[in-house]
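Single-structure report; data block below.
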Amino acid sequence: MVNDSRAIGGPAPGTTRPFLWAGQPASPDGAARPESTARPESTAGPEGSSDGGLQVSVVMPCLNEAESVGVCVGKALAGLAAAGVAGEVVVVDNGSTDDSAAVATAAGARVVREARRGYGNAYLAGFAAARGRFLVMGDSDDTYDFSDLGALLAPLRAGRADYVLGSRFAGEILPGAMPWLHRYVGNPVLTGILNRLFDVRSSDAHSGMRAFTSDAYRRMRLRCEGMELASELVIAAGRAELRMEEVPITYHPRVGASKLHSLRDGWRHLRFMLLLAPRHLFVLPGLVLLGVGAAGQLALLPGALDLGFHRLDLHFSVLFALFTILGWQLVLLGVFADVHNHAAGWPERRRWPLTSIHRRFSLERGLALGGVLFAAGLAIDGVVLIRWLANDMGPLNELRPALLAMSLMVLGTQTAFGSFFLRLVTTGPSGGHGRAGWAPLSAAAPSRAGVVGEAPTPGPPPVDDGSSALPASPDTPRPGAAAVPDPAPRNADNGSSGHGSGEETALPVDPPSAHRGIPAHQH
């Protein structure tokens, strides 16, 4: 099944709190999220309910939560009854070594097993197994009050929102529920960075209690298998242009020991966000360095510059040359990273200067620009050589123009070879086909999994060393994903297919995306 929000239909106008990128188009074509190996055979999942009367599925991940999971299940069932909706509680046992699964079953939950460790893995398995029209997520450590589900579900049931976030900071955080570092530093800083990088508005981007429609779940196309899922939910909701509301909730002290590691998990969230924002990580810093370096070199080209309090001389010329080369290298890396993210299924909204670069780029233009820069540097070196010969090859004091010439020649070489690389990763050597990673996946067949008492899908779980938040290769699918079909040829009239075309095609602005799993991380 192809997941295309344009086919499904975008959000209706007049939202209460818009939660989207300004001007962002609907999600590009892509495949439905690969199914977890823990999906029960007897359920239809969010794509369709096997029980037409079931409205809400409350999904809880569980790892050794025997002390609290039964209480959470009981509160959730009471909350469903109080809200007057038919629902279920799905507890995902993520490798518990205590009797958590038995406690959850006795309390009235349906237990699904997910052998692959990870906060995201557990939730993805639970969402795949859920049967309800509305999906509610929350931890099973009794930090969230499931008995008050009515407030969380109200915007969804009224049709005002597709996605509802329970905000702890807009509500109440009870004493002892959140460490000082998390409350006043970690969560506010990470939420602020996420809002800035992805143009969204959220007061509590890492809240563990949220609700959304099954249609919104499909449109978000979640893939993170570790703690980064919390950040991915906010980013994906904005990318899919979901209508969003926040409701205040109360955050309680947890039962049992916390599995969070403040610095490690905070870094993983930050790393994930930065890798999905190449404009801020690479391009903008690169342009600043490039501008400062070029301006500084030109200002010092005639000689030393006296600022009154300090005199800028030859050493600053060397420093500015470094800035120039390093800045342009960062810009190129940002362009490559942006292409990779789009090919891997992370279509961030492109803004200046990425829009201009992708619209105007062709291999021939890149080679021409690189040639001009290299030739300009070579010409300056030629002038230096002529002066040296005219001075009977005596002492030479032309280091400033030589540094400028070196910078131009390095920039030209980087541009030329970078253009070849960009051409290779976007259209292939012949120009007649797209990357495999750009082709949408076909629908994945549901994978067999087990509820309690049933063996999970055969095969060992993937091994992950936690070294990366993005897949090592965009062509490595998450287990359970469909194979990537052979890429289809581009139109013959686009100037890049077949033979005899003398014109290069500009990079596609929004190539189709294909789903890839994010390597799993431990709790």
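The values are calculated or read from the model by the stated rules, or taken from the named source; none is laboratory data. This one's a predicted model, so the numbers in the text were calculated from it and none came from an experiment. Note that we place each Cβ from the backbone using ideal geometry, even for glycine, and neighbour counts take in every protein chain shown. These accessible areas exclude ligands, DNA and RNA; they are computed on the full protein's heavy atoms, side chains included. Shrake-Rupley method; radii C 1.70, N 1.55, O 1.52, S 1.80 Å.
Before moving on, here are some points about what is shown:
- Qualifying GluC sites (Glu not before Pro) in segment 339-420, DSSP loop, other Cβ atoms within 10 Å at most 16: Glu398
- Of every Cα-Cα pair in segment 365-422, the percent that sits beyond 18 Å: 41 percent
- Given a 1.4 Å probe and the protein chains as shown, His269 ends up with an accessible area of around 20 Å².
- Shown here for segment 265-340: chymotrypsin sites (Phe, Trp or Tyr not before Pro) in loop regions (DSSP other than H, G, I, E, B) with at most 10 other Cβ atoms within 10 Å, namely Phe309.
- Rg/Rh (Cα only; Kirkwood hydrodynamic radius) as it applies to segment 242-289: 1.19
- The accessible surface of segment 84-126, taken with every protein chain in place and a 1.4 Å probe, is 55 percent carbon and sulfur.
- Computed E for Ala81/Tyr184 - FRET, C-beta separation, R0 45 angstrom, nearest 0.05: 0.75
- Each Lys and Arg adds +1 at its Cβ and each Asp and Glu adds -1 at its Cβ; summed about the Cα centre, segment 282-425 shows a dipole of about 600 debye.
- Taking the centroid of alpha carbons for each part, segment 166-191 and segment 281-295 are 36 Å apart.
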